[in-house]
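The values are calculated or read from the model by the stated rules, or taken from the named source; none is laboratory data. Please read all numbers here as calculations on a predicted model, not as lab measurements. With ideal geometry, Cβ positions are generated from the backbone for all residues, glycine too; neighbour counts draw on all protein chains shown.
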Amino acid sequence: MKAGSNLEKVLSSGGFAVTAEIGPPKGADGEHMRHWARELKGKADAFNVTDNQTAVVRLSSMAGSIILLQEGVEPVMQMVCRDRNRIAMQSDVLGASALGIKNLLCLTGDHQTLGNLPGAKNVFDVDSIQELLLFKTMRDEGKILGADALTKAPQLFLGAAENPFGTPHEFRVHRLAKKIKAGADFIQSQVIYDIDRFERFMEDVRSRHLDGKVHILGGVTPLKSAKVAKYMKNKVAGIIMPDSVISRMEKASDPKAEGIRICIETVKQLREMKGVHGVHVMAIAWEEKVPEIVEGAGLLPRPVV
Amino acid sequence: MLQGRRRILVLGCDGCTQPPRGLREAQTYRTLLEMALGRKGGEVDCVAGTVSKQCDTALLAQNYPELVKGRDAVLSLSCALGVQLLSLQYPEVPVFPGQNTVFLGYEHRDEGWLREACQACGDCVLGETGGICPVARCSKSLLNGPCGGSHDGKCEVRDDIPCAWQLIHDRLRQLDRNEWIDGIVPPRDWRSSRDGGVRYQKKDEDWNEPARKEVKR
């Protein structure tokens, strides 16, 4: 065991893991985090707390993660490279570990021009692969990469993201391999609507035997309407939205229910896919639907490990 | 910026500025300035000149004291280097920038654009990346490949920015060079960039080169 987190235990025992997301509020509203922690407790093995997602200022991922811990819910603390240099990153991880955070997701981060403070200066001192390398070195060697030893190494279960739908497509499996080499223990994928392309990505993964080296969790997001689906197709970088999904949403008499149905079907397909070890449910601003999706896919109750 | 100034020297630079800002442009600016100032009434006396390189101390010292003498402002059409060096050379006259210095880039004459291509980061990786700079041309200066926002070969920031890593990937494939596709570049030393404090180099001595990054395989 690297960190002994609940998520690590579920995955290393061969179980099909479920993670979900609790997005921090745009304010000093700790009660928001507490509310969702109570509502969703037991419906997933761990909950991601996003780090100023889409470059919009929100309650910090570390504070949000601590609130989840206080409620007895396991967090996956996200950390992007956009806002911190390697000094702040490592310092925050030492602090997070000292406070009991065990799962850490390493991300590049959306560019600041896409958010609510487009005039901000970015950092990008390291990229997400180098970020993994820093934290793996801290954990496994008990030192700062290229510098001094730590008095106590942080115990971390390290995660990363991968986007099988980003370009160049043929590079994506190479990038996954780099992330594994750099220290990723688990991967949460970009949202999957094009299950065929994801299956082709998994074929590449399996042919390079990477599925034995890392736990891949497929990402899903329920759609609320055909309008949202079209927006994702046209405006959100790195998502492939097949026309068949848009058309299903358009024809549905109850689009919200259809969105949940599509999401549950995808989770079931992912469960059958060789090399996929779990799902990551990103019900963005729709957290109340997480239990329905997880239950609908036959993944409740969650194992106690 | 030039409010209240009547005796202005507009000084072009024949150096590397793009688009050109030489004598012809300096004369055009002088005419425009005189028209604008003349409308407010009173005597106006503007002159135009140019320097082959405003960033060259020797050239500035030799040829320009007479032009600068008696002027109440210099409007420099060079990049920020000329503006700063003129200020050093002629401390008695205020020097103003005639343009923003935007980036180190190259020009596409037919399509009519200039594109940023170098950030002068002081630790060149072009030899490893097929001649395409990820520091300047990736919006996040990533060194290990494209982020998740790369789509249809374009950057997540704007559709008119090509994803630098798509270009690098394609170029390295074309050259059958795979070491940067599979290797990991460790965190780099940014001291050679802006992060070691203000940069300084003695002439005729090698730049104190930071340790080269090694590609792990």
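Brief remarks follow.
- Matching residues, segment A:62-110, being in a loop (DSSP other than H, G, I, E, B), away from chain B (no Cβ under 14 Å) and of a type outside the set (Asp, Glu): A:Gly72, A:Val73, A:Leu99, A:Gly100, A:Ile101, A:Lys102
- Test: residue in segment A:159-166 that is part of a loop (DSSP other than H, G, I, E, B) and more than 9 Å from chain B (Cβ to nearest Cβ): yes
- Checking A:Lys143, A:Lys136 one by one, the residue that is more than 22 Å from the chain's Cα centre (by Cα) and more than 10 Å from chain B (Cβ to nearest Cβ) is A:Lys143 and no other.
- Residue check for A:Ile180: within 9 Å of chain B (Cβ to nearest Cβ), β-branched (Val, Ile, Thr) and part of a helix (DSSP H, G or I): no
- Entry remark, segment B:107-121: residues being in contact (Cβ under 8 Å) with a residue 60 or more places away in the chain and either in contact with an Asp or Glu (Cβ under 8 Å, 6 or more places away or on another chain) or surrounded by 15 or more Cβ atoms within 10 Å (Cβ to Cβ) (or both) number 3 in total.
- Test: B:Leu114 is outside the structural domain of B:Gln27 (by TED's automatic domain parsing), within 15 Å of the chain's Cα centre (by Cα) and not polar (S, T, N, Q): yes
- The listed residue being in contact (Cβ under 8 Å) with a residue 12 or more places away in the chain and over 22 Å from A:Thr19 (Cα atoms), out of A:Met273, A:Met249: A:Met249
- From the options B:Asp123, B:Asp160, residue that is among the charged types (D, E, K, R), farther than 30 Å from A:Pro164 by Cα and either assigned to a loop (DSSP other than H, G, I, E, B) or not assigned by TED's automatic domain parsing to the domain that holds B:Pro65 (or both): B:Asp123
- Any hit, segment A:48-57, residues being in a helix (DSSP H, G or I), within 14 Å of chain B (Cβ to nearest Cβ), at negative phi and not basic (Lys, Arg): yes
- Only one entry in A:Ala182, A:Ala257, A:Ala252 is surrounded by fewer than 15 Cβ atoms within 10 Å (Cβ to Cβ) and over 18 Å from A:Val276 (Cα atoms), namely A:Ala257.
- One residue stands out in segment A:111-132 among those that are under 30 Å from A:Lys181 (Cβ atoms), of a type in the set (A, V, I, L, M, F, W, C) and not in a helix (DSSP H, G or I): the one that is farthest from the other protein chains (Cβ to nearest Cβ), namely A:Val123.
- Within segment B:145-204, the set of residues being facing chain A (nearest Cβ under 10 Å), within 25 Å of A:Gly119 (Cβ to Cβ) and basic (Lys, Arg) comprises B:Lys154, B:Arg158.
- Residues of segment A:267-281 that turn out to be in a loop (DSSP other than H, G, I, E, B) and either among the basic types (Lys, Arg) or crowded, with 22+ Cβ neighbours inside 10 Å (or both), as a count: 1
- Close pairs from segment B:30-47: first within 16 Å of B:Gln3 (Cβ to Cβ), partner charged (D, E, K, R) and modelled with pLDDT under 90, Cβ under 8 Å, at least 6 apart: none
- Here A:Lys136 passes the criteria (1) in contact (Cβ under 8 Å) with a residue 12 or more places away in the chain; (2) closer than 17 Å to B:Ser150 by Cα; (3) surrounded by fewer than 24 Cβ atoms within 10 Å (Cβ to Cβ); (4) not hydrophobic (A, V, I, L, M, F, W, C) except the one numbered (2).
- Residue identified as assigned to a strand (DSSP E or B), in contact with a helix residue (DSSP H, G or I) (Cβ under 8 Å, 6 or more places away or on another chain) and of a type in the set (D, E, K, R) among B:Glu107, B:Glu116: B:Glu116
- Just one residue in the set B:Cys138, B:Cys133 is more than 7 Å from chain A (Cβ to nearest Cβ) and in contact with a strand residue (DSSP E or B) (Cβ under 7 Å, 6 or more places away or on another chain); that residue is B:Cys133.
- Among the residues listed as B:Val95, B:Val44, the single one being among the β-branched types (Val, Ile, Thr) and touching a Lys or Arg at 6+ places or on another chain (Cβ under 6 Å): B:Val44
- Every residue from segment A:192-242 that is outside any loop (DSSP other than H, G, I, E, B), more than 25 Å from A:His111 (Cα to Cα) and of a type in the set (S, T, N, Q): A:Ser207
- Filter pass, A:Val245 being at negative phi, in a helix (DSSP H, G or I), away from chain B (no Cβ under 14 Å) and under 16 Å from the mean Cα position of the chain (by Cα): no
- Being basic (Lys, Arg), out of contact with any strand residue (DSSP E or B) (no Cβ under 8 Å at 6 or more places or on another chain) and over 30 Å from B:Pro162 (Cβ atoms) is a property that A:Lys256 has.
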